[in-house]
Amino acid sequence: MATTRTHFDQELEQLKSGVFRMGSMVEQAIGHSMEALVQRDNALARAVIRGDEELNELHRELRERSFMIMATQQPVARDLRLIFSFQHMVIELERMGDHAVNIARGAIRLNDLPQLKPYIDLPRMAALVQSQVHDVLGAVIDADQDRARKIAERDDEVDTLYRSLWDELVEYMVNDPGNVQRAAILLFIAKDLERIADRVTNIAEDVVFLHTGHIVELS
Amino acid sequence: MSRLRIREAVDRLVAGLVVLALMLAATPVLILLLFVVIKGLPGMLAPGFFTDLPHPQGVPGGGVFNAILGTLIIIGFASLAAVPVGVLIGVFLSEYGHNRLGDTVRFVSDVLTGMPSIAFGIFAYTVLVATHVVGFSAIAGSAALAVLMLPVVLRSTETALLLVPNTFREAGLALGAPQWRVTLQIVVPAALGGIVTGALLSMARAVGETAPLLFTAFGNEFLQLNPFRPMGALSLTVFKNALVPYANLQDQAWAAALLLVLLVSITNILARFYVRRIQR
Amino acid sequence: MLDRPVSTDEEAVPAPEPAPAAGFGAAGPEWDNEPMAQAQAAEQPGPVEGASAAAQHPPKLQARHVNFFYGDFQALHDVSLDVRANQITALIGPSGCGKTTFLRIFNRMHDLVPDARVTGEVLFDGQDILASNADVIQLRRRVGMLFQRPNPFPKSIYENVAYGPRMLGWSRSRVDQVVEQSLKDTGLWDEVHNRLRRSALNLSGGQQQRLCLARALAVDPEVLLMDEPCAALDPIATLKIEDLMQQLKHRYTMVIVTHNMQQAARVSDFTAFMLMNQQRAGELIEFDSTDNIFNRPKDSRTEDYITGRFG
């Protein structure tokens, strides 16, 4: 539609591009944190931890921006939903960044210790979560609610992997108390991945809300 | 900069022209007023002007007592007829007259406004006097003046009513009031100032008319209060006394003219005063 | 903005009936189509949830295929909608879309316009008010009106409110009582009770508009039509009027035309969006609960309008 609210539309565009930028930063942080674990790369892990400050800053800026738009432009309908859902996405992305930091911290601690076991299921789970993050950000950019719904369905796979990892790691702990520390760290990392996947579902719900105006539960 | 100068110069020139035009227009009026006051004041201040009856020609002194009463009586009867009828027609035109009948009435009224006043006199003479319906009489003069006043009253009433915001009518009707109630209780009271002004102005116009009275009220040197008899009037006094070669009568003519000017002015001032009070 | 979806406003109102529309978050997809369906086809019994709302707020005014003409020019084209009892219905749309024309049909103010012609039906409690034998005087007493600019009569404050009751021939004491009650209902009593005999024209714009509201309430109407009642008022006076609307909702059915979309969103339960068609005749584009119109309109033209991307 012809824009009679040029300034407003520009503000919305800036908000959007900020969210997209934040999404790609988070995606990268998750990838790097897992890489730091698998490759036992402390420098990369520390880079992820440092990078979180930038994410936090962007998160703060985008939330302020959305409040400012709401206060000055009185958005309604799709505009209001856009700001609402983007604001919520920003919060979820910031938390996802925190999970990546947790993984990086765990990696640094594990890297001082001998490797407990070859990492197989954990990288598989990470790959799955990463693809989910990537896809849901694509659905946000393309404004594709059908894709968002499908992505949310993939959360079950992550949950299944998480449960089997849990069983495996608990078995390690039971078999040898010397494994407990490392297994516990790995368990927490798995938990972080599982939480990231949950937040992907939340973002998918935001995409659906943005397009339908209905708040749905996708899981 | 020079352009600005030119513009300023043009501005001053135009302003000067406007003032000049105003003075050109005002000067004759002022001179006339001054003339009437200077010529009329001695006669008006002469003893007996307000209280005595006219003396026969050649006899010094005398007054216009009968003419003052005559004017009041003639205008009174004329207003009694013209104001209510004119107001009613004005109400009709404004509230119900947006149709062919209304347009016809408006046209007739405009024609009447433009007619020379002597025509009203001849008309009243033909219809009332020559046919001996009433003969020469104050009432015949009133009739002639009433017809003359009518278009003034009805058009000023219509204008005053049209100035009443439509939202008053809508507010009244939206309360479930029938239109006649809205007209009488809301619209007419809201326009009362304008209606009264119109009526007073029509009276002011009629009071100075001579021509319609010549063939109707005719004039009378004696005190006559019976409206069915010939009667004097100030305008007739001016007309008749100005034409005789006696100084005292000519003075009375000027004095009567001054009195008419004063009557008209007072009426106008009253009208304005009334409107201002209503509007507050 | 965020804390003002219409349904939350409703909950703040001390109206005896529960709020009919679910809140912003509670609206599930299964509930979605119902208000529209009820509103547009009220004669059909709605689904269970809708049925109770319909029973609580039966249609008070029902426009059926209304067409309106000024001479040869068609100003409204086939407008049908139901105004529910004790609810506030807002008519929004760009200038010239016919919303005021439509509003004025409800108490036949269009009768005042020469050459105006209406076809279709407008049922008021089931009676067709467009019928030739309809009692217009009685209709206008039952369907009051508030205008764009405050238009108190150039009379005293008391006379303004007493005008209607006196016309109905009520006794002096009853008129006094009604004047006091109406002024209290509009929050004016405390402000003017010691100067009732003073001219109404000395009041402020906001007070004048509330006086006009009191004047309308004094004849005990069932419906109040409001034609941009706050167009000439400052923001505070506007909020006072809106507040009054909410307070009076349980006693009257209200229809408001407004250019101010935020106002429609704030005060109304149902919103109708109108637009000129190609022939410049006004059409009803979308009619739904205000919650739906302002949060998830179905028609893209509605969305463009309410988000300010139109006109």
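Things worth noting here:
- Filter result for A:I151 (part of a helix (DSSP H, G or I), crowded, with 21+ Cβ neighbours inside 10 Å and modelled with pLDDT of 95 or more): no
- Wholly within the stretch C:5-111, helices (runs of 4 or more DSSP H) carrying at least 1 residues that are more than 14 Å from chain A (Cβ to nearest Cβ) and at pLDDT below 50: C:6-12, C:34-40, C:48-56
- Test: A:V208 is among the aliphatic types (A, V, I, L, M), over 24 Å from A:L37 (Cα atoms) and not in a helix (DSSP H, G or I): no
- Any hit, the stretch C:147-158, residues being of a type in the set (S, T, N, Q), touching a residue at least 24 places away in the same chain (Cβ under 8 Å) and away from every other protein chain (no Cβ under 14 Å): no
- Within the stretch B:162-210, being surrounded by 19 or more Cβ atoms within 10 Å (Cβ to Cβ), more than 7 Å from chain C (Cβ to nearest Cβ) and within 27 Å of C:G169 (Cβ to Cβ) holds for B:V164, B:R169, B:G172, B:V182, B:T183, B:V187, B:V188, B:A191.
- When residues in the stretch C:168-191 are screened for being in a helix (DSSP H, G or I), closer than 28 Å to C:T100 by Cβ and in contact (Cβ under 8 Å) with a residue 40 or more places away in the chain, 1 of them pass.
- Output for the stretch C:278-297, where each listed residue is facing chain A (nearest Cβ under 7 Å) and modelled with pLDDT under 90: C:N295, C:R296
- Taking first residues from the stretch B:42-69 that are touching a residue at least 12 places away in the same chain (Cβ under 8 Å) and partners that are surrounded by 12 or more Cβ atoms within 10 Å (Cβ to Cβ) and hydroxyl-bearing (S, T, Y), the Cβ contacts under 6 Å between residues at least 6 apart in sequence or on separate chains come to B:Q57/B:Y246; B:V64/B:T237; B:A67/B:T237.
- With respect to the conditions (1) aliphatic (A, V, I, L, M); (2) within 14 Å of chain B (Cβ to nearest Cβ); (3) surrounded by fewer than 16 Cβ atoms within 10 Å (Cβ to Cβ); (4) more than 23 Å from B:L184 (Cβ to Cβ), C:A131 lacks only one, and its number is (2).
- In the stretch A:1-35, the residues that are of a type in the set (A, V, I, L, M, F, W, C) and away from every other protein chain (no Cβ under 14 Å): A:L15, A:V19, A:F20, A:M22, A:M25, A:V26, A:A29, A:I30, A:M34
- Across the stretch C:298-311, the number of residues qualifying as facing chain A (nearest Cβ under 7 Å) and more than 19 Å from A:T4 (Cα to Cα) comes to 0.
- Among the residues listed as A:V174, A:V101, A:V140, the single one being more than 15 Å from A:E194 (Cβ to Cβ) and at pLDDT 95 or above: A:V101
- For B:G48, the conditions (1) surrounded by 13 or more Cβ atoms within 10 Å (Cβ to Cβ); (2) at pLDDT below 90; (3) at negative phi all hold with the exception of (3).
- Of all the residues in the stretch B:73-108, those that are surrounded by 21 or more Cβ atoms within 10 Å (Cβ to Cβ) and among the hydroxyl-bearing types (S, T, Y) number 2.
- Qualifying residues in the stretch A:163-203 (those that are surrounded by fewer than 21 Cβ atoms within 10 Å (Cβ to Cβ) and hydroxyl-bearing (S, T, Y)) - the one nearest to the chain's Cα centre (by Cα): A:S164
The values are calculated or read from the model by the stated rules, or taken from the named source; none is laboratory data. These numbers come from a predicted model, not from an experiment. Methodologically, a virtual Cβ is constructed for each residue, glycine included, from the backbone with ideal geometry; neighbour enumeration extends over all protein chains shown.
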